[in-house]
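The structure appears right after this line, and notes come after that.
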Amino acid sequence: MNGIYLDHAATTPVHPEVARVYAELLTSSYGNASSIHGTGRAARKLLDDSRAQIARLIGARPEEIIFTGGGTESDNLAIFGTAEARSDEGRHIITTGIEHHAVLNACKRLGKRGFEVTWLPVNREGQISPDAVREALREDTILVTIMTANNEVGTIQPIREIGEILQGHPASFHTDAVQAFGEIPIEVGDLGIDLLSASAHKINGPKGIGFLYQKNGTKLTPPTSGGEQERKRRAGTENVPGIAAFAKAAEIAYESLAERHEQHESFKRIMTDALDEAGVEFRVNAGQAQTLPHILNLSFPGTDIESLLVNLDLAGVHVSSGSACTAGSIDPSHVLVAMYGEDAEELRNSVRFSFGYGLSEQDVRTAAEKTAATVRRLSGK
Amino acid sequence: MIYFDNSATTMPDDRVLDTFIKSSKAFFANPSSLHRLGIEADRLLARASEQVAELAGMSGGTVVFTSGGTEADNLALFGLARGNRAHGKKILVSAIEHPAILRSIPQLEKEGFEVGTIRVGRDGVIDLADLADQLTSETSVVSIMHVNNETGAIQPLEEAGGLIRAKSRAVFHSDAVQSFGKVAIPVSENGPDAISVSAHKIHGIEGSGALILKKRHGLEAILFGGNQQEGLRSGTVPVAHAAALAKAMRLAAEEIGRAPYAEWRNGLVRYFGDFDKVMVLGAEENAPHILSVAIRGIKGEIAVNALQEQDIYVSTSSACSSRSRKESHVLQAMGVPDDYRHGVIRISFGRMNSERDITRFKEVFTTFMETIERV
């Protein structure tokens, strides 16, 4: 690959070990896991093992894991599924203004269908306050959905505190952990989470695979229908090779958690030190908050995001302006709007650098130098 | 091993795997990313999309890549019903649809739609007169599968389409998951407006499928998020899956009429004709790759297990419901006699089978029948 890929928060290359397992399983384990014959049973065994393995990593029971077609589907399943199952108990939902679009747009849709949505604000560091959750809670609140960590600026949210607040309240607590799973340890029981979404392609697994953790006893009515797979919670032939590859990717991610944490923190330092040394003016968005180690969102005053992205790309530094999911648009990031307001200059000059598999210190250093040169040229300094 | 359960899932073709692995590596980037790697991935995606539309006989149409056949069916039914409310709130589906369609009915009814089911005859083919009777100007969506997954019965899509066009403005969807690459899908004006396909049924990669439409036909999304795929299906698009689906569809399309399935099937139909206790289900003109037979007085599982001991894999009915041990809705709809209904086995062929597999199957099955005759 030409250039340096610093967009691991958008998607990641498949880890070679995962690719090996995946390729092998695609040919050797082609039974339909719902078939009753031998190859079907072999596929079922692999499915069960993968489920148990993933469950163990987040402190869940195997039957609490529902495999899906990805993070968006997991989020949609959690939100629409809760709304459908619990609308008799209430129609109030609490979320934040910085959620991924899979949560944001699902909640907006419910807003149009007679549900009332409270959008919690964040501070300038992209953090929500547990007190705001407490104040927003009502008797008819059926769902609180707050992401574990933000995908654009990396801010880690006070999930444990929110979980504690919700202990005495019947609302289901969902967290979109797509960006956090495999990057920071998550124990669902410990954190008081009822529903948690994750995705394989963010952790060097294959695309098109995700899971939703559903705590035993948490009500959920799936919005899609078909065969009785996944205990009737998600219809469709189980993608066994993809699921096993996901489990492998998760295993590798967890084994290397501490090591990568340290490495990515050092990448951040290399990046910011190099920019400092080059005399480039920049600010770290969410710089004062606790953030995911692999996400570094920088604002470069005096630059313009479109020319910055184009020029960085030409220089071989592949980054993005925020989430890739706004489907190719460079609309101002809703996350930065929530943090700084609609008129802030950060909206027009912020770039997300995200680290991951295959990057060396030298790559990061080179990327920092190229970024510094590009920014200096564009800002005329 | 002899794998005769290709209607449940198939072994991926090496050529498809090759496309999948190569594009997974070279085009791993998020196609929504604006950098060069993202743009290159997006270009591959666009090419795959064009090819898929073309292979479906819907060149220039709309392709929505999904996580599989179930999602494609759900998207078609919910998305077209909701998006065409203005035309009417009446939906028609056949009685033998896959659960991905049938189990969507209660939710549609909850949303105020009126869903009618079209009867089938003993041959497992829909009753066109019943369809004609139920069609009204308020019918907005009709969904009729092309080839039934349990019996292989081919549905008369063109005739159905003619009635639908004459009597309504309904969008015509067909679940072509079992038929693609086996039975040509009518592409005339009376052919379906939209079809669902699944990669893993045509030697592709599991977890991948598509809904293909002649045009958008008012389709609404059922997944919400980053508005990928023109807002019709949110979620990072698995580009390698899309490329591999196009490849699998191309290989399958090339095989239509050329694979020896019909010959094998006819040979087996003749062979089963010699057994008093065995009834071949469905019409003679059924899809060439699926053959379901019912054995009187035994449970299908007995036959499945006996064959499996000899390393031959068949299934009872559809895999999706075989674990639930519920009675098949398709067999019920066809009116299969009680003493046969529990003894159904489905034999389905794929690219990896050979003539020798058929010969071996006959030997083993004959021995099995002799055994049950004795006890």
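The values are calculated or read from the model by the stated rules, or taken from the named source; none is laboratory data. Just so it is clear, the model here is predicted, and its values are computed rather than measured. Don't worry about glycine lacking a Cβ; one is built from the backbone with ideal geometry, like all the others, and counts go over all protein chains shown. These accessible areas exclude ligands, DNA and RNA; they are computed on the full protein's heavy atoms, side chains included. Shrake-Rupley method; radii C 1.70, N 1.55, O 1.52, S 1.80 Å.
A few comments on the model shown:
- Inter-part distance where region B:144-208 and region A:60-95 are each reduced to a Cα centre, Å: 32 Å
- Shape of region A:16-255, Cα gyration tensor, a/c cut at 1.5: prolate
- Net charge of neighbours whose Cβ lies under 12 Å from the Cβ of A:Y340, counting Lys and Arg as +1 and Asp and Glu as -1: -2
- Sites A:Q288 and A:L257, calculated FRET efficiency, Cβ-Cβ separation with R0 25 Å, nearest 0.05: 0.55
- Computed over the protein assembly as shown, the ratio Rg/Rh where both radii use C-alpha atoms and Rh is Kirkwood: 1.00
- Loop-located trypsin sites (Lys or Arg not before Pro) in region A:51-160 (DSSP state other than H, G, I, E, B) with a sparse environment of at most 15 neighbouring Cβ atoms within 10 Å: A:R113, A:R138.
- Accessible area of chain A belonging to carbon and sulfur atoms, whole % at 1.4 Å probe: 47 percent
- Note on B:K362: lysines with a C-alpha under 26 Å away, same-chain residues under 8 apart excluded, are B:K182, B:K201, B:K277, B:K299.
- Chain A: calculated mean residue ellipticity at 222 nm from DSSP helix runs of at least 4, using -39500 (n - 2.57): -13000 deg cm²/dmol
- Virtual spin-label span in nm between B:R119 and A:R61, 7 Å along Cα→Cβ: 4.8 nm
- Interface burial in region B:87-112, defined as at least 20 Å² less accessible area with all protein chains than with the chain alone at a 1.4 Å probe, covers B:R103, B:Q107, B:K110.
- Calculated SAXS-style log₁₀ I(q)/I(0) at q = 0.21 Å⁻¹ - region B:249-350, Debye, Cα scatterers: -1.18
- Shielded by partner chains, region A:33-60 residues - at least 10 Å² of accessible area, 1.4 Å probe, vs chain alone: A:S34, A:S35, A:I36, A:H37, A:G38, A:T39, A:R41, A:R44
- Projected label distance in nm at A:S87 and A:K232, using a 7 Å step from Cα toward the beta-carbon: 1.9 nm
- Region A:114-216 - Rg and Dmax from Cα coordinates, angstrom: 13.9, 41
- Across B:K90/B:K167; A:K112/B:K214; B:K110/B:K215; A:K248/B:K25, pairs whose alpha-carbon gap is larger than 20 Å: A:K112/B:K214; B:K110/B:K215
- Excluding ligands, DNA and RNA and using a 1.4 Å probe, chains A and B jointly bury around 5200 Å² of accessible surface, summed across both partners.
- Region A:1-139, dipole about Cα centre (Lys/Arg Cβ +1, Asp/Glu Cβ -1), debye to the nearest 20: 260 debye
- Across chain B, Cα pairs under 8 Å and at least six residues apart give a relative contact order of 24 percent.
- In chain B, the portion of solvent-accessible area held by carbon and sulfur atoms comes to 48 percent [1.4 Å probe, whole percent, DNA, RNA and ligands not counted].
- Förster radius 25 Å - calculated FRET efficiency between B:E284 and B:D338, Cβ distance, rounded to 0.05: 0.55
- The Cβ shell under 14 Å around A:L25 holds other residues with a net charge of -1, Lys and Arg each +1, Asp and Glu each -1.
- Distance between modelled label sites at A:E277 and B:R85, nm, 7 Å Cα→Cβ extension: 6.1 nm
- Chain A - percent relative contact order, Cα under 8 Å, separation 6 or more: 24 percent
- Inter-part distance where region A:188-265 and region B:74-134 are each reduced to a Cα centre, Å: 33 Å
- Buried on assembly, region B:31-47 (at least 40 Å² less accessible surface than by itself, 1.4 Å probe): B:S32, B:L34, B:H35, B:R36, B:L37
- Peptide B:199-212 has a mean of 4 when you count, residue by residue, the C-beta atoms of other protein chains within 10 Å of its C-beta.
- Euclidean distance between Cα centres, region B:1-33 to region B:225-303, Å: 18 Å
- Based on protein heavy atoms only, region A:16-255 ends up with 32 Å² per residue of surface accessible to a 1.4 Å probe.
- Shape class of region B:14-255 from the alpha-carbon gyration tensor: prolate, with a/c at 1.5 or above and a/b greater than b/c.
- Taken over region B:212-298, the convex hull of the Cα atoms encloses 192 Å³ per residue.
- Ordering A:T72, A:A83, A:S28 by the projection of their Cα atoms onto the charge dipole of the protein assembly as shown, which places +1 on the Cβ of Lys and Arg and -1 on the Cβ of Asp and Glu, puts A:S28 at the extreme positive end.
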